[in-house]
Amino acid sequence: MSGDEREVGQGTDGPDLNPEEEMAFQRLPREAEPSRFLEERIVRSLRDEGILGAAGRREEVGAGRGRGPTWGRPWMLAASMAASVVLFASGVILGHRMASDSTAQAFLAVREQDAGQLALTIQEAGTAYVSALVALGDLGRGKGGEGGGGSGAGEASAALLQGSEVALGSLFAAAYELARLNPGDADVQRVLQILEERRNREEGRLPESRNMVMVWF
Amino acid sequence: MGEDRSDRELAERVVGEGDEAAFRALYRRHTPAVFQFALRLVGGNGAEAEDIVQETWMRAARSLGTFRWESAFRSWLTGIALNRVREMARKRGRSLVEVEGEWEGSVAGFGPGGGGRDPGDRIDLERALELLPPGFRTVLVLHDVEGFTHQEIGQRLGITEGTSKSQLHGARRAMRRLLTLNLETA
């Protein structure tokens with residue numbers, strides 16, 4: 001590209017641009033922002049085609065734009081996977097309760113799955129859990145980043161806060177279940193301890209005994 | 001990541017490792033310019049411009065490994081976007097070469113004192129570009145906004161340099177007419 005053929009013209013009826021017209025063209029903006037969803041749409045398509053892989057995704061999530069915790073760390077990955085179990089079980093249980101009004105039957109439905117099925121559901125639910133958090137973060141940043149500060153930004157902040165609380169609660173419950181599953185795993189125990197301390201801090205009470213029972217319904 | 005890495009380094013990470021962060025860095029660096037370019041070429045249709053940008057990145061990502069870095073990465077992207085615009089025009093049976101006399105008839109609605117808007121209401125350059133027929137708009141954007149030479153325009157649009165020059169002449173006349181006349185319809 002070059003501007004070597006561009007000349008200041010003779011007048012408004014001539015073939016060339018006059019100085020005013022040249023200035024008007026130079027003042028035109030050179031950049032514009034598409035919708036914030038376009039990036040995710042393209043990245044998802046490239047993932048589907050196998051052009052983009054998981055390694056960079058972890059790096060992106062953990063770095064640069066403050067997308068949240070560093071999911072690349074093993075303990076956070078374990079915690080997110082554990083959260084998946086709880087989320088999935090909760091969904092199945094709720095669904096069954098709505099259909100049969102029998103919590104016991106719902107628990108049985110989950111328990112009847114074999115190890116392979118459970119691993120798959122853990123993976124699927126984990127992906128959904130993390131993806132939902134990423135989307136929530138994008139939503140919050142998008143609304144807040146447009147400089148409005150109006151009701152849209154306020155709603156986004158409220159949604160972000162609510163979503164974060166729900167996510168943290170699920171993470172805590174999952175960490176608890178994972179710690180029960182792997183009592184000898186010091187890293188998991190440490191995760192649980194950190195989450196317990198945070199929860200207790202937020203609830204204004206001292207840490208309690210680890211021997212509590214999680215009741216979901 | 002990405003602010004301090006060159007386009008080539010980022011592209012190599014995308015090709016070699018499927019690095020999503022590297023791709024996002026490339027995307028954020030170049031998309032605003034490519035989107036603006038596409039937006040002008042399609043006359044301000046945002047959804048269409050986004051489709052073009054998406055297709056541009058998909059094609060670019062698929063062939064990143066074969067890009068030889070003999071030209072600027074952004075020029076390559078805008079070239080892909082321009083190809084996409086041409087394909088879309090072809091699918092719709094539209095030519096990107098305008099016949100000036102035909103267009104003159106289509107602007108009969110734009111006239112001095114035309115009704116529908118304030119008589120003193122002039123349109124700006126961006127709006128005039130949107131209202132130009134696609135062939136005129138394409139050449140005008142490529143030459144007067146993006147700074148392409150007639151030779152480059154000819155190569156990219158598959159027309160002769162002479163055709164590019166005559167299209168630009170017609171496009172500028174049409175643009176001036178739009179800029180100096182009142183707009184009858186919004």
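Each eigenvalue of the Cα gyration tensor of segment B:127-173, multiplied by 5 and square-rooted, gives one semi-axis; in descending order these are 17, 10, 9 Å. In this structure, the amide hydrogen of B:Asp19, modeled 1.01 Å from its nitrogen in the peptide plane, lies closer than 5 angstrom to those of A:Gly53, B:Val14, counting only residues at least 5 positions away or on a different chain.
Sort B:165-174, A:156-165 by packing, meaning the average of other beta carbons within 10 Å per residue, with the highest value first. Present the calculation step by step, with values, prior to reporting the outcome.
Working: B:165-174: 21.2, A:156-165: 14.0.
So the order, starting with the most tightly packed, is B:165-174, A:156-165.
Once both labels are positioned 7 Å from their Cα atoms along Cα-to-Cβ, the gap between A:Asp48 and A:Asn182 label points is 3.4 nm.
When each of the peptides B:43-53, B:127-137, B:20-30 is scored by how many other beta carbons lie within 10 Å of its residues on average, the order from highest to lowest is B:20-30, B:127-137, B:43-53.
Which whole number gives the average count of other chain Cβ atoms within 10 Å of the Cβ atoms across peptide A:34-44? Write out the running numbers ahead of the final one.
Values: counts 13, 4, 0, 1, 9, 8, 1, 4, 12, 6, 0.
The mean count of partner-chain Cβ atoms within 10 Å per residue comes to 5.
By other beta-carbon atoms within 10 Å, ranking B:Val34, A:Val43 with the fewest at the front produces A:Val43, B:Val34. Placing R0 at 51 angstrom, the Cβ-Cβ distance between B:His169 and B:Glu3 gives a FRET efficiency of 0.75 after rounding to 0.05. Electrostatic tally near B:Asn83: other residues with Cβ closer than 11 Å to its Cβ, Lys and Arg +1, Asp and Glu -1, net +3.
Read-outs throughout are calculated quantities, based only on the coordinates presented, and are distinct from any laboratory measurement. None of the values given here were measured: they were computed from a predicted structure. Note: ideal-geometry Cβ built from the backbone for every residue, glycine included; neighbour counts use all protein chains shown.
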